[in-house]
1. Does Leu594 meet the test of being assigned by TED's automatic domain parsing to the domain that holds Lys635, surrounded by 21 or more Cβ atoms within 10 Å (Cβ to Cβ) and within 16 Å of ligand 2 (Cβ to nearest atom)?
2. Quick one: Tyr141 ticks every box in (1) assigned to a strand (DSSP E or B); (2) open to solvent by 40 Å² or more (accessible area, probe 1.4 Å); (3) touching a residue at least 60 places away in the same chain (Cβ under 8 Å) except a single one, so which number is it?
3. Which of the residues spanning the range 393-426 are part of a loop (DSSP other than H, G, I, E, B) and over 21 Å from Val337 (Cβ atoms)?
4. Could you count how many residues in the range 428-457 are farther than 30 Å from Asn661 by Cβ and either over 46 Å from the mean Cα position of the chain (by Cα) or crowded, with 23+ Cβ neighbours inside 10 Å (or both)?
5. Could you check Phe181 against (1) touching a residue at least 40 places away in the same chain (Cβ under 8 Å); (2) over 30 Å from Leu93 (Cβ atoms) and say which number it fails?
6. Can you tell me which residues in the range 555-570 are part of a loop (DSSP other than H, G, I, E, B), within 16 Å of ligand 2 (Cβ to nearest atom) and open to solvent by less than 60 Å² (accessible area, probe 1.4 Å)?
7. Determine whether the range 156-165 contains at least one residue that is open to solvent by 80 Å² or more (accessible area, probe 1.4 Å) and β-branched (Val, Ile, Thr).
8. If you check Asp461 against the conditions, is it closer than 30 Å to Ile364 by Cβ, within 16 Å of ligand 3 (Cβ to nearest atom) and either open to solvent by less than 30 Å² (accessible area, probe 1.4 Å) or acidic (Asp, Glu) (or both)?
Amino acid sequence: MKTISIKLFTAIVMLLLFTGGSYLFYKFFDDSKEVTERLLEENIQVNILNIKYFLDKNLQKNSINQLKAYLDNIVNSNTVINDIHIIDNQRKLLYATDRDTLLEHEGVHCSAISKIISSDIFEQQCYTFSIKLFDGLKPYYYSSIVYLDKDYLDSLLKDKIIKYLGLFISYTIIFILLLWFTIRKFIIAPLEELRQFAYYSEKTPRQFLIQELESIRYSLELTFRRLKKEQEELFNLSTKDPLSGLYNRLSLIEKINWLISRSQRSHAKFALLFLDLDNFKNINDSRGHEFGDKVLQHISKVLLSSVRDNDIVSRIGGDEFVIVLPDITDNKSILEVIKRIQHSLSMPVVFDNYKYHITCSIGITIYPKDGKNVTELLKNADIAMYKSKELGKNNFHFFTETLNDEIQEKMNIQRLMINALEEGNFKLFYQPKVDIQTNQIVACEALIRLIDPIHGLISPDKFIHIAEENNFIIPLGNWIIEEAAKQLKLWENTPLQDIKLSINVSGVQFKNKNLFKIIENAIKNIDPSKLDIELTESVLMSDFDAKLKVIHQFKTLGLSLSLDDFGTGYSSLSYLKQIPFDTLKIDKSFIDDLENKQDQSFVNMIVTIADELGLEVVAEGVENREQLEYLKKMKCEQYQGYYCSKPLPVQEFETLFRVHNSIITEI
Ligand code: C2E
Ligand code: CA
Ligand code: CA
């Protein structure tokens, strides 16, 4: 349906009112004109009849002159009658009150007086009547013409019309103006205010007089108030982290973008601090998520209280926080904030009767030096944060380009590793372990290699620690276990059937609850005593009891265990007592300096202790005959090292084995 505006509607109503009013006015005017006419007619009629009566009575032949004064007086005193003519029966003018019109009666058609009642006086110019005279007894007739003052009559009517019209127009204008003003003030203006209010919802209009409009205004006001509240809630939900009340990632990005554009103009610097709580996962795992949430809320408060009002504090992930410090001039102010945070965190907190000490690692980037946009700034701060974790937690680190290169390299290696496992580019190399007394290869250690089609052979020193950091060592370790077991299976019923194969298992692999199952599965079809597991002391550093349990389980499978790199860690003798090791591997660093008396006595001592504990000893990294001589003297059982061979691909190792073991030489 087509709609019309209130203005148009009002205009139409006014037009209708105006038309109706005009019609009524016309009717009224017409009626009053008629009344006026009638009154005039009666007046004229009386006047003319009086004239006729008087003339009938007094007019004698040749006495016109005596009546001149009377006739002139009538014409002069009567505003309607303009002129009176007396004409004889030959139509000869005997007398005219106005000499100027003397001849005018010729050709003028006048109504007979008998028609005075029925005629429209405003249409008539003159009336005529006959006057009967007697010449003795003989009657004869004169005529009299009474001319009306047309101009006067017209002006009478005109005046009336003008008066009425004037009145009508002024009344109508006043009425329309009043109506317009009232509608405008009480309806149109409030409606417009309502429209603006509904559209912009800015200024709430004051109360209206019209009840219906007022109830709409009130409803709108209530709706907007509710909407505003909901909008605020939604805004908070979308910009704030509900747990901590800090800004979320989205609003952090927005704020940093704003700071970047501001800094581009003012050339101001700002710092971005990426904080990650140390060992928060442990708290969450051991005390539950609700408890973890309380800790996070506490940290949020600490962070807020450690910064200035215009600094930005946000939580962008589980235990990751970002603080932005605008308008930084030097590193001093950044360090002060870090100091305040670390100081506040150093106070132990008590939750549910448990005392906690929470620390965090912080990575710092500075705009524009360390990143041109949010992504770069956050990524680089994250890199710096990881570095500070590496440095031993509860630490901070500024981002540098070398750090970036380090991380890029790491990421490249991560990519290579993932591809290599999918595409079969990992290979196990085998390094012989030689019995020092018989010079026979009796065992070997499987050492992983990544043979990349582009980068060539990549040694484990380059990637094992990365695989341990990101847990890639778990799938990779599983592959190594299965591959080693397969190899042992292949060597069954070959000259290498008695060979013992060691694999290295890192600490991270121990965290995997499936490790035992995977090993159990892998050795199903082989002689388990042929498989040896090399562990370093660092593996046992944390969760000692749990790991000891797993180690005992390994033993139940019939595997043997070697303590790798012995002498480099804590080398606690208590480990040796508690853990059912079969072999001790003396670290290469002691073999390197065997001519050194101190190292000689150390190796000697290890061999003696091992002998006491019934453990075998393998010396690692033997590169020359002298070293081997020493070891032989010390009654060390086995050696491993370049002196015999580097780690080799399986076929080369098999060849070496055959060649080496068939030649029994004196060393
Ligand atoms: P590791 O277990 O101590 O392995 C011995 C390392 O010493 C090997 O280095 C070996 O090539 C090297 N080596 C042996 N004899 C000599 C020698 O006479 N002179 C010199 N200069 N080096 C010698 P590689 O293969 O580079 O492995 C380095 C480390 O990477 C290993 O130390 C081990 O910790 C780790 N790794 C290697 N393969 C694996 C694996 O399959 N799993 C796990 N978890 N770690 C592995
Ligand atoms: Ca090893
Ligand atoms: Ca070793």
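1. Working: assigned by TED's automatic domain parsing to the domain that holds Lys635: yes; surrounded by 21 or more Cβ atoms within 10 Å (Cβ to Cβ): yes; within 16 Å of ligand 2 (Cβ to nearest atom): no.
Here the answer is no, as Leu594 does not meet what is asked.
2. (3)
3. Quick first cut of the range 393-426, residues part of a loop (DSSP other than H, G, I, E, B) only: 393-395, 399-400, 424-425.
If the condition is that a residue be part of a loop (DSSP other than H, G, I, E, B) and over 21 Å from Val337 (Cβ atoms), then Gly424, Asn425 are the ones that fit.
4. Looking only at the range 428-457, we keep the residues that are farther than 30 Å from Asn661 by Cβ, and these are 452-456.
Those still in the list that are either over 46 Å from the mean Cα position of the chain (by Cα) or crowded, with 23+ Cβ neighbours inside 10 Å (or both) too: 456.
Qualifying residue count, the range 428-457: 1.
5. For Phe181, the exception is condition (1).
6. Initially, the range 555-570 is screened for residues part of a loop (DSSP other than H, G, I, E, B), giving 558-559, 567-570.
Filter once more, keeping what is within 16 Å of ligand 2 (Cβ to nearest atom): 559, 567-569.
Correct list: Leu559, Gly567, Gly569.
7. Kept after step one, since they are open to solvent by 80 Å² or more (accessible area, probe 1.4 Å), are these residues of the range 156-165: 158-159, 162-163.
Next cut, β-branched (Val, Ile, Thr) only: 162.
The answer is yes; a qualifying residue exists.
8. On the way: closer than 30 Å to Ile364 by Cβ: yes; within 16 Å of ligand 3 (Cβ to nearest atom): yes; either open to solvent by less than 30 Å² (accessible area, probe 1.4 Å) or acidic (Asp, Glu) (or both): yes.
So Asp461 fits the description; yes.
The values are calculated or read from the model by the stated rules, or taken from the named source; none is laboratory data. The structure displayed is predicted, hence computed values, not measured ones. Ideal geometry is used to build each Cβ from the backbone, glycine not excepted, and the neighbour counts take in all protein chains shown. What goes into the accessible areas is simple: the full protein's heavy atoms, side chains included, and nothing from ligands, DNA or RNA. Shrake-Rupley method; radii C 1.70, N 1.55, O 1.52, S 1.80 Å.
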